[in-house]
Every structure is written in C-alpha cells, then in structure tokens.
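Below is one structure; the comments refer to it alone.
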Protein chains: 2
Amino acid sequence: MYIRKQFRRERLRIPMDKVVLKLALHRKSIRRYKSDKIDLSKILYAIKTALQAPSGANQQPWRFIIVEDPEVKAEIRKICEDLEKKFYSRVKKELKEWLLSRGFTWKKPFLTEAPYLIAVFAELGKPYAVQSTWLAIGYLLLALEEAGLASLTYTPPSSPELLEILRVPEGFQLQTIIPVGIAGEDKRKEPRKKLHEVTFYNRWGTTLMQD
Amino acid sequence: MYIRKQFRRERLRIPMDKVVLKLALHRKSIRRYKSDKIDLSKILYAIKTALQAPSGANQQPWRFIIVEDPEVKAEIRKICEDLEKKFYSRVKKELKEWLLSRGFTWKKPFLTEAPYLIAVFAELGKPYAVQSTWLAIGYLLLALEEAGLASLTYTPPSSPELLEILRVPEGFQLQTIIPVGIAGEDKRKEPRKKLHEVTFYNRWGTTLMQD
C-alpha cells in the first residue's frame, strides 16, 4: 500500500518536454508506402543517430546498406516472398491466425514500394553483436519518426541468397530490412500493455499501481 | 563519383530539431554514480517510452524490475562481482587489455551506488524476443537521457542465482541491468565510427562520401 501511494505521488512530476515519449507513442509499424521520393539526408540523419548507440566493448558491430535501386529492391522482394511462402506453409496455427487476423500474408509489397530500404547487419564475432545492433535500431526508428518517416522492422527468414545479392561478406548476419518512406495506409497503432503489467518493484511479482 | 556528389548535396538539407540525434550524441555510458536521489517518475517515464517499441508479432516480450532496495542491490552486486572475478580470470588477452585500458575490472560499484537499477528481461518463447527487447532498451536509454539521467547497459554473466534473488519465473532471461542516476564521473564519450565506414549504398562495398 505504501508503494502504491508513493507511485501515485511520483507520477505527478512529469519530466521535461517528453519528446522521446511523444515520438515513441506516435510511431507505428507501416506496411504500405506511397511512391513519394524522400530526402536521402533524412535516412542519413537516422543512421548517424544509430551510430551513437552504446555497444559491447564499443565494437559498433552494426552495418547498414541503404537500398534505393529499384532492381535491387525487386530482387530482395522476390527472394523474401519466396521464403515467406515456405514459412507460411509451415507456421504454427496460433501464430498463423494472429497473422491473418491482421492481414499479414507472404506478400511484402513494402520491399519495392518504399523509396528506401535500410538493411541492417550485425558482425557476429563481436560481443553482444545482435543485442547492440537492435539497441541501435531502437535509436534509428525514433530518429526516422522524428524525420517524419514511416518505417517497419521486417526480418525475413534466413537466406544465403539474400546475402549474396547484397554482397555481404562472411561473419555478418542480416538482422532486419527497414522500409522507409511516406505511409500509404491509415492504421491504428497496435495496443501496448500497461506499465504495471510489465514492471515490478525490487523483485518480480511486486507490481506498481494501475496506470 | 555521381554518388559522392549526390550525397554531398543531400547532406545540406538538415531535418527538423534533431532532438533524437542530440540526445544520442550526448548520452555516454557511465560507471560511477552519485548517491543523489532521483525522481522515480523519471524512471517510469523511460519505461513507458520503452513499452511503445515495436516487437515481434506485437508480443511485447519485455519485463522490467526497478530495484531501489539497498539490500537487493547489495545482493545483486555480490553475485555479479563473484561472477565477474571468474570471467576476468579466463577472458581472452586482447579483450582483457582493452578492458583494463579503460579501467574495467571485476568491480561493479554502480550496482549499489546508483539510486535505481532497471533489470530488463526477455520472454524467450516469443518471436524475436531478444531483438525486440534490445530495441526497446534503445528507446529506454534515449528517454533516460532526455530525463537528464546517466545510465549504463551492464550485462552480467548468466546466473541462476541472480534470477532466484529477483524471483524471476522460468522462461525469462536477464538481458541487462541498467544503473540509473546522476553521473559521478566526468568522462569523454567513446569515439564512434564515421557514417561512411559502416554504411553502404545499394550493395555492400559501395561507400558513401567521407563525412
């Protein structure tokens, strides 16, 4: 009970401008894109931001390929859709129903519709390479949102063919392909769990007040 | 050559207020903390921001424990330092030299000095649980920075004892323990690679202009 009161009091003090929260609240995953051109400078801005993320032993294990060439995008889409067809044919029933209920299929039109794709790789030999790279992707998404750009973290099934097309050397693993552009669909953000549902105090099981 | 010119031109158009880049540039990993109290509301603000991150099939696999209790912090520190002593006794020479050159030892004073620790967990059965959780940690760090708080992503060696102390149920894996508070050391941010060193255009190997 003491904890509950304390949390209620603390919640009244709101920090600063809350820009980061506003960006995080506003950002949603977008699967359809308009063909509108966007400034490459905005993509570079977001990657510059991502480069400032911390990483295991500061090894900065991330690499980025900005894909603008329509032919390369078409090749990527072809490979991914072929893989997705196979994936959808063997996915577990529960997940499949969830996916279908949200209109997900093997089709990945955003891979050619979006003016840019950002393919993100992790150098697997580095400490916490995958973790560090995804932390940097968090930075990247917020910077893209700030630049007014829609995005999606799409991770295709593992594919040596895709790495070959992009000429990726050994030791680097594709983490995600992020289409970036102007949203071509109007959708609601998927609902999130409440703070008290996922946050404990001092030990697991001691919950915060309802928020 | 065409690419180089294009990039030079694009770079002149700078997007918006660049708040996210400023936060990312300003944030650095801090290993010593003042004992100053901080508002719990700021911790909650940062976690609220993290909850808005995207995740595999929107499963939101993350959980957070905010540790304020000095006894729990002391237990965590004891376990971690015992594990670190073992780790340092067998770490590879190259990494060890790098660590020592930056003053890293098995000692983790921040685990008791910082007024708060945020332990972050991933629910391993969920799709892309680790990746999604670290993406959310990226959001978390930027929100902490915005709130004027220093932080560090410290990942101890794997430890069943630590999970027991924190009463973590099966299926959840500790990702990191983030001390949060007021910086008690004045240090420079570790240098980052340049944009053109880690970013390619259309295919791996085609580099951007020098930045």
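List of remarks:
- Among the conditions (1) at the interface with another protein chain (Cβ under 9 Å from one of its Cβ atoms); (2) open to solvent by 40 Å² or more (accessible area, probe 1.4 Å); (3) farther than 27 Å from A:Ala122 by Cα, the only one that B:Lys85 does not satisfy is (1).
- When A:Ala136 is tested against (1) more than 22 Å from B:Ser55 (Cα to Cα); (2) open to solvent by less than 10 Å² (accessible area, probe 1.4 Å); (3) within 9 Å of chain B (Cβ to nearest Cβ), just one condition goes unmet, and that condition is (1).
- Residue, nearest to B:Ile43 (Cα to Cα), within the range B:73-116, restricted to residues that are touching a residue at least 60 places away in the same chain (Cβ under 8 Å) and in contact with a helix residue (DSSP H, G or I) (Cβ under 7 Å, 6 or more places away or on another chain): B:Tyr116
- Members of the range A:72-114 that are part of a loop (DSSP other than H, G, I, E, B) and among the aromatic types (Phe, Trp, Tyr): A:Phe104, A:Trp106
- Filter result for A:Lys73 (at pLDDT 95 or above and either open to solvent by 20 Å² or more (accessible area, probe 1.4 Å) or among the aromatic types (Phe, Trp, Tyr) (or both)): no
- Lone unmet requirement of (1) more than 9 Å from every other protein chain (Cβ to nearest Cβ); (2) open to solvent by 10 Å² or more (accessible area, probe 1.4 Å) for B:Glu145: (1)
- Tally of residues being more than 7 Å from chain B (Cβ to nearest Cβ) and either modelled with pLDDT under 95 or within 30 Å of B:Trp98 (Cβ to Cβ) (or both) across the range A:39-58: 4
- The range A:157-195: number of residues that are under 15 Å from A:Ile118 (Cβ atoms) and not in a strand (DSSP E or B): 3
- Top-ranked residue in the range B:152-181 [being polar (S, T, N, Q) and over 21 Å from B:Gly103 (Cβ atoms); ranked as most open to solvent (accessible area, probe 1.4 Å)]: B:Ser158
- Matching residues in the range B:182-211 - criterion: being small (Gly, Ala, Ser) and either open to solvent by 50 Å² or more (accessible area, probe 1.4 Å) or on the phi > 0 side of the Ramachandran plot (or both): B:Gly205
- With respect to the conditions (1) more than 9 Å from chain B (Cβ to nearest Cβ); (2) at pLDDT 95 or above; (3) open to solvent by 20 Å² or more (accessible area, probe 1.4 Å), A:Pro61 lacks only one, and its number is (3).
- Selection status of B:Ile38, under 22 Å from A:Tyr201 (Cβ atoms) and not in a helix (DSSP H, G or I): yes
- Per the listing A:Val120, A:Val130, A:Val91, the residue uniquely modelled with pLDDT under 95, at negative phi and of a type in the set (A, V, I, L, M, F, W, C) is A:Val91.
- Test result for B:Leu124, open to solvent by 60 Å² or more (accessible area, probe 1.4 Å), more than 10 Å from chain A (Cβ to nearest Cβ) and in contact (Cβ under 8 Å) with a residue 24 or more places away in the chain: yes
The values are calculated or read from the model by the stated rules, or taken from the named source; none is laboratory data. Please read all numbers here as calculations on a predicted model, not as lab measurements. Cβ coordinates were reconstructed from backbone atoms using ideal geometry, including for glycine residues, and neighbour counts include every protein chain displayed. Just so you know, the surface numbers come from the protein's heavy atoms only, side chains and all, with ligands and any DNA or RNA stripped out. Shrake-Rupley method; radii C 1.70, N 1.55, O 1.52, S 1.80 Å.
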